[in-house]
Structures are given as C-alpha cells and as structure tokens.
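One structure is given here, and the rest of the page talks about it.
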Amino acid sequence: MYLYKVAIVDDDKLSLENLSFELEKHPDFKLEGVAHNGKQGKKLITKVHPDLLFLDVEMPDMTGMDLLQDMRDAITWPMKVVFYTAYDKYMIQAIRESAFDYLLKPFESKELENILERFRQQQKNTTQGAWPIRRPGGQAFMVFTPTNEMRVLHSADIGLFRHSSERKLWEVIFCNEPPMCLRRGMTAEIITKNLTNFVQIHQSYIINLDYLMLIKDGQCLMYPPFDQLTDLQISKKYKKQLQDRFCL
C-alpha cells in the first residue's frame, strides 16, 4: 500500500518515462499523474495535492520556479519539491526557491533512492513529533564541507550553527544527524544573510528562531531536541538584535 502521492511535471518525454519507471520500484510512492508543461502542471498539482513533486526547470511555457511562484498561495499542504533538470546552472536558483532536493538528468538509481529515503525520514520524524517544524522543509541552501563536498541543507533540520575555536570553522548542529563541519571561509555574516530565520547570539552561536523557546537569565532555552544545550549564553554585542527578532 502506498503512503505518498507523487506528481511529475516535465516536457521531456524520455526523462519523464525514466523517472516514472524508477519510481515503480518504490511501492510506498504512487505516481498520481504527469504533466508536460507548466499549465498542465498547475492543474495536476491542484487536483492531486502531491506529497512529492518532481518539477522540470525549463518548460515550453514557463520555468519551474515561475510555476511555484504562481501557485505559492494555492499550495496549502506540505508538498516537497525536487527540481528535475539537465541544467545544473539552475542549482542556486532552485535552492533559493526552497526545493527539497535537486535531481540532475540523467540520474543513477541510487541518487533517486537517496532522495526518497530522506523524504521518508523527514516524514517519519514530523509524524512522530520529534521537534516542532513550523514551516515544512524551511529554507534550502547550499554549503560546502572541508573536503569540498557540496550539501543541500534545510533550515527546519538545523537547530544552530556553532563555531569551533579549535578548528576555526563553523559546525552545523542538526536535529537527527551528527554535527557537520563547514568549509573555512563560511562566516557568520554569510549564514545570517542567507538564512532569514537564524540570528547570532554569541561569537560562537547562531540559532534557529523556530527552536527558541524562551530567554532566561541571559541564555537561550531551546525546544527539543536542543533542550539539553545549557551554554547558549547571549553576549552583549548581540542582545539587542535578538530581543528585536524575538519580539521582546
């Protein structure tokens, strides 16, 4: 029995058929419909309410980003979007549009499996109420690790960024994964500029306001799973900004 509804919007017939074929290997995902252009795609999305949408970036009548922009107010359910395209030049724009992930044509089966598994895991965690996700998926953004591996991260999966004075680099503190180091050159200014819901509270901490429960005795107290962190001290330099952002 399937658990998740899928839709594909793509004008490339061969790519659409390949993706449809690979999805059949995953019985918990059911392909509810396909569309060959943006206009058809809007009707399909409205009709099906897919949990997961594979969306081509370039179509004859509009781009995938334009389609999402046009439907922004109409999509009221937690739909995840995977941009599906042969043009990696769209990577940055896709990320800015808060895509759940990005699948380049042609793809290997393992690449699709990784996306589906991450989707399953996020759905499982959300259902179990392990932490409060106020905006499904949150902002998506691209980072690089010290080994130059590129990762697409989502703000809803992150509680805070922590600076390692020993290694002189920032670390990402996740909800359900071990910490991940970022490449040198990533600064607090870059992080807070690109992630609107994060605010710096100390030279060593940048927190996600979605997980900030309250401010007490000069410290930030967080929602689970970050409630065990007891050293999130607010420095004088960042106190006013935090108070303004947290509406104090």
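The values are calculated or read from the model by the stated rules, or taken from the named source; none is laboratory data. Values in this document were obtained by computation on a predicted structure and should not be read as measured data. For neighbour counting, all protein chains shown are included, and Cβ atoms are generated from backbone atoms with ideal geometry for every residue, glycine included.
Just one of the listed residues (Pro106, Pro78) is at pLDDT 85 or above and part of a loop (DSSP other than H, G, I, E, B), and it is Pro106. Please tell me if Leu212 is farther than 13 Å from Phe161 by Cα and touching a residue at least 40 places away in the same chain (Cβ under 8 Å). Here the answer is no, as Leu212 does not meet what is asked. Among the conditions (1) over 22 Å from the mean Cα position of the chain (by Cα); (2) under 30 Å from Thr76 (Cβ atoms); (3) among the β-branched types (Val, Ile, Thr), the only one that Thr230 does not satisfy is (2). Considering (1) charged (D, E, K, R); (2) at pLDDT below 90; (3) within 20 Å of Ser204 (Cα to Cα), the lone condition that Arg151 does not fulfil carries the number (3).
Give me the residue from the range 203-219 that is part of a helix (DSSP H, G or I) and either touching a helix residue (DSSP H, G or I) at 6+ places or on another chain (Cβ under 8 Å) or among the charged types (D, E, K, R) (or both) and, out of that set, nearest to Cys175 (Cα to Cα). Step through it out loud before you land on a result.
Residues of the range 203-219 part of a helix (DSSP H, G or I): 209-211.
With either touching a helix residue (DSSP H, G or I) at 6+ places or on another chain (Cβ under 8 Å) or among the charged types (D, E, K, R) (or both) added as a condition, the list becomes 209-210.
Details: Leu209: 14, Asp210: 12 Å.
Ranking the qualifying residues of the range 203-219, first place goes to Asp210.
Against the conditions (1) modelled with pLDDT of 95 or more; (2) assigned to a helix (DSSP H, G or I), Gln200 satisfies every one except (2). When we screen Asp56, Asp12 for residues that are crowded, with 17+ Cβ neighbours inside 10 Å, under 12 Å from Val81 (Cβ atoms) and modelled with pLDDT under 95, the only hit is Asp56. Kindly indicate the residue of the range 42-53 that is touching a Lys or Arg at 6+ places or on another chain (Cβ under 8 Å) and not in a strand (DSSP E or B) and also surrounded by the fewest Cβ atoms within 10 Å (Cβ to Cβ) among those meeting that condition. Filtering the range 42-53 for residues that are touching a Lys or Arg at 6+ places or on another chain (Cβ under 8 Å) and not in a strand (DSSP E or B), the one surrounded by the fewest Cβ atoms within 10 Å (Cβ to Cβ) comes out as His49.
Quick check on Leu16: is it in contact with a His (Cβ under 8 Å, 6 or more places away or on another chain) and part of a helix (DSSP H, G or I)? Considered against the rule, which asks whether it is in contact with a His (Cβ under 8 Å, 6 or more places away or on another chain) and part of a helix (DSSP H, G or I), Leu16 comes out as yes.
Here Ser98 meets each of (1) modelled with pLDDT of 75 or more; (2) at positive phi with one exception, condition (1). For the range 174-186, taking the residues that are under 20 Å from the mean Cα position of the chain (by Cα) and farther than 23 Å from Ala99 by Cβ, the one that is surrounded by the fewest Cβ atoms within 10 Å (Cβ to Cβ) is identified as Pro178. Please work out if Ser204 is surrounded by 15 or more Cβ atoms within 10 Å (Cβ to Cβ), of a type in the set (Gly, Ala, Ser) and in the same structural domain as Gly159 (by TED's automatic domain parsing). Judged against the criteria, Ser204 is a match.
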